[in-house]
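Every number here is computed from the coordinates shown, using simple stated rules; none is lab data. Remember, it's a predicted structure, so these values are computed and weren't measured experimentally. All Cβ positions, even for glycine, are placed from backbone atoms using ideal geometry, and neighbour counts span all protein chains on display.
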Amino acid sequence: MEQQFLLMNTFSFPILSTAIFLPLVGAVLLFFIRNETAIKATAFITGLINLVISFILFSGFNPETHNYQFGEFIPWIPSYNIHYVLGIDGITIFLILLTTLLTPICVLCSWTAIKERVKEFMFCLLIMECAMIGVFCALDFILFYIFWEAMLIPMYLLIAIWGGPQRDYASIKFFIYTLFGSVFLLVAIIAVYLVTGSFSIPNAMFRDYSMNFQIWVFLAFAIAFAIKVPMFPFHTWLPAAHTEAPTAGSVFLASVLLKMGTYGFLRFCLPITPKASEFFAPLIIVLSLIGIIYGGYVCLSQTDMKKLIAYSSVAHMGFVTLGIFSLTLFGFQGALLQMLNHGVTTGALFLCVGIIYERTHSRQIYDNAGLGKIMPIYVGFFGLFSISSFAFPGTNNFIGELYVLLGIFKNHKIAGLFAIPGAVLAAAYMLRLLKQIVWGREDKREIADMNIREVIYLIPLCILVFWMGLFPRPFVFTIEKTLSYLHSQLNFILR
């Protein structure tokens, strides 16, 4: 029954399973290697091979259909209708590409920053990649939940072992919050199974559930995903986790893990509980607007670069949930584009903070002020990602925010007006940060500018900022069919 939603795999090998489990194979290989450089090289090569596989996946992706592609179906526990089912569509293809791009980048940015337990650190990075890709590919609830939970342990370890001075507090808070949300996710999955008799995700979509059932299941899903986003008021774990995590952990956390929540809203809440989504949309929009404005104001008072970027994620992800619950096609497209844009730009900003922290051993804005003359290459990259972060025209975030605003103004004009100050606040706090870092004070210290390794791992993100900002059509075209189908099905049910 599940196979009717899957299109045949166009390759002669299970490409999705390969993309998921290749990092796991690489992680196991690390235990047979003693040399530290060889360990780093193995992790990097594994990530690079998986990036190539994701490009192959993209080359065979057909944007003209909304069905799940590269399907894999293996009976797992047939007596309970639990199966190993994989497939991707326009919602997930770029999220997989983003994940595989960031993995080798995270290895490179940790090359000299991580000096203790290098093998274990690289192991955690590869296990994280395995779990994150699995979440985006799984089309069975139990398989999805296994991958969802598998992300928690390596991220907890990255913060708890290689984090900053407050790592114990940050890691435990992160784990408790996300585990709490996972309990609600499991409750929602069980409720859907009891009604449908299947753990198939596609089979659970667009069915005629009662309104009472939809409301309770939506609330369970929404709590789990709101914590992961994180939405206001579930955001308090995020600044601590970002601030204490090593650079690679912050990049994965901001660029991919936060997207699990908004992915959940798109994949589960809208198609499984459409009437409840419409019912709760005003509440989610209000919470999104609070997050946008609150996040912006808090950023204005930050003196720690990493904490400022962490709070900016609360505001940026508020635009994503705003687009999703506008329940418009423009809103859906803008939300998905912003998920990608935030992953590129905020991940790059965390990499920039990591670069300067290795040199000055401080994340305080004042301690790193006035780098314009002594680190011109660095401030060039930092300036680009900063103006991209507040959606300067011609950069990637501008397109995403434009689509979100078009969507929210279509159905909720007052909400759109309240979103505008959030965009202005983003410009205020990012320009303040950029001014301090470039021209803040006369600095006569001798600090080495970026080396070739650091330039290499920032260049792909730099290219994406301009590509998505100036030529967004290939990205919109790839996601358009899937999101149009979701929008049309929602309109059919809700009209």
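For the chain, what does the helix formula give at 222 nm: sum of -39500 (n - 2.57) over DSSP H segments with n ≥ 4, over the residue count, nearest 500 deg cm²/dmol?
One gets -23500 deg cm²/dmol as the mean residue ellipticity at 222 nm.
Give a residue-ordered list of calculated ³J(HN,Hα) values for segment 337-347 (Karplus: 6.51 cos²θ - 1.76 cosθ + 1.60, θ = phi - 60°; whole Hz; x for Gly, Pro).
5, 5, 4, 5, 4, 4, x, 6, 6, 5, x
For segment 172-258, what are Rg and Dmax over the alpha carbons, in angstrom?
My reading of the Cα-based Rg and Dmax gives 15.5, 46 Å.
Roughly how tilted is helix 167-196, in degrees to the nearest 10 and between 0 and 90, from the longest Cα axis of the chain?
10 degrees
Using a 10 Å cut-off on Cβ atoms, rank the peptides 118-131, 271-284 from the highest mean neighbour count down.
118-131, 271-284
Where Lys and Arg each count +1 and Asp and Glu each count -1, what net charge lies around F221 among other residues with Cβ under 13 Å from its Cβ?
Counting the neighbours of F221, the net charge comes to +2.
Hey, what angle do you get for helix 452-470 against the long axis of the chain, alpha-carbon based, 0 to 90 degrees rounded to 10?
The answer is roughly 50 degrees.
Would you mind putting 477-486, 364-373, 309-318, 445-454 in packing order, based on average other-beta-carbon counts within 10 Å, highest first?
Highest mean packing first, the order is 309-318, 477-486, 364-373, 445-454.
Provide the net charge surrounding K307, with neighbours chosen by a C-beta distance below 11 Å and charges set as Lys +1, Arg +1, Asp -1, Glu -1.
In short, 0.
Quickly rank 227-233, 75-81 as a protection proxy: mean count of other C-beta atoms within 10 Å, highest first.
227-233, 75-81
Around P63, under 14 Å between beta carbons, what's the net of Lys plus Arg minus Asp minus Glu among the other residues?
Charge balance in the 14 Å sphere: -1.
Quote the charge dipole size of the chain about the Cα centre in Debye, to the nearest 20; the model charges only the Cβ of Lys and Arg (+1) and of Asp and Glu (-1). Please report the intermediate quantities before stating the final value.
Working: 28 positive and 24 negative charges, 151 e Å.
The dipole of the chain has a size of about 720 debye.
In degrees between 0 and 90, to the nearest 10, how far off the longest principal axis of the chain does helix 376-389 point, with axes built from Cα atoms?
With both axes taken from Cα atoms, the answer is about 30 degrees.
Counting DSSP beta bridges with both partners in the chain, what percentage is antiparallel, nearest 5?
For the chain, the DSSP antiparallel bridge percentage is about 90.
Just one of (1) 52, 32, 18; (2) 34, 27, 20; (3) 48, 29, 17 is semi-axes √(5λ) of the Cα gyration tensor in Å as worked out from the coordinates here. Which one is it?
(2)
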